[in-house]
Amino acid sequence: MCVDDSGSGPSSAARRAIERTLTVRAYRALDPPQQAVLRLALVDGMTADELARTLDTTPAGADAATARACDAFRREWLRLYAHDEDRSPRCRRTIARLEAGEHVAGAECARAADAHVEQCVPCALVAAHLDDLAHWLGPLLRSLAA
Ligand SMILES: [Zn+2]
């Protein structure tokens, strides 16, 4: 976890608000069974064996269900970010490319996107955490329930 998360300045507060809003909206857009899997795995901290018993499946089946739910969550999170009217067009283009998995879209275009990510805190955060977005969910959902 990034040490910067404990910062209390305006930019880190704004960043947390962005993460929280998008994360909760993405979570609520998932199917109820996917929400349940993420809640059990990330909030309740169930192991694959516990999850398998709860879902009446095998540990491998529970792992696969968790991976599918995480993937669905990540896609929804990026879709919401890329289509958020409050973001600048450059942010939305950059994140739309990440959403589509287009890491190379012409050298000039890729350089422009890389330069943007270096200057833009929210986009840098998204790019850095692309593979573990779902793991923001546990702490966020716990803090909302508190
Ligand atoms: Zn940006």
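The values are calculated or read from the model by the stated rules, or taken from the named source; none is laboratory data. Because the structure is a prediction, the values reported are computed rather than measured. Every residue, glycine among them, receives a Cβ derived from its backbone with ideal geometry; neighbour counts consider all protein chains shown.
Restricting attention to region 29-38 and to residues that are assigned to a helix (DSSP H, G or I) and at pLDDT 90 or above, the residue that is surrounded by the most Cβ atoms within 10 Å (Cβ to Cβ) turns out to be Val37. Within region 39-57, the set of residues being of a type in the set (Gly, Ala, Ser) and surrounded by 12 or more Cβ atoms within 10 Å (Cβ to Cβ) comprises Ala41, Ala48, Ala52. Of all residues in region 56-88, those being acidic (Asp, Glu), in a loop (DSSP other than H, G, I, E, B) and closer than 20 Å to Gly45 by Cβ number 1. Contact map, region 109-127: residues that are modelled with pLDDT of 80 or more paired with residues that are among the hydroxyl-bearing types (Ser, Thr, Tyr), Cβ distance under 7 Å, separation 6+ or inter-chain. Pairs shown: His116/Thr94; Val117/Thr94; Val121/Ser11; Cys123/Thr94. Applying the criterion of being more than 18 Å from Arg142 (Cβ to Cβ) and either exposed (fewer than 12 other Cβ atoms within 10 Å of the Cβ) or touching a Phe, Trp or Tyr at 6+ places or on another chain (Cβ under 6 Å) (or both) to the residues of region 3-28, the residue that is modelled with the highest pLDDT is Ala13.
Take the conditions (1) closer than 21 Å to Ser12 by Cα; (2) part of a helix (DSSP H, G or I); (3) modelled with pLDDT under 85; Cys91 misses just one of them, which is (3).
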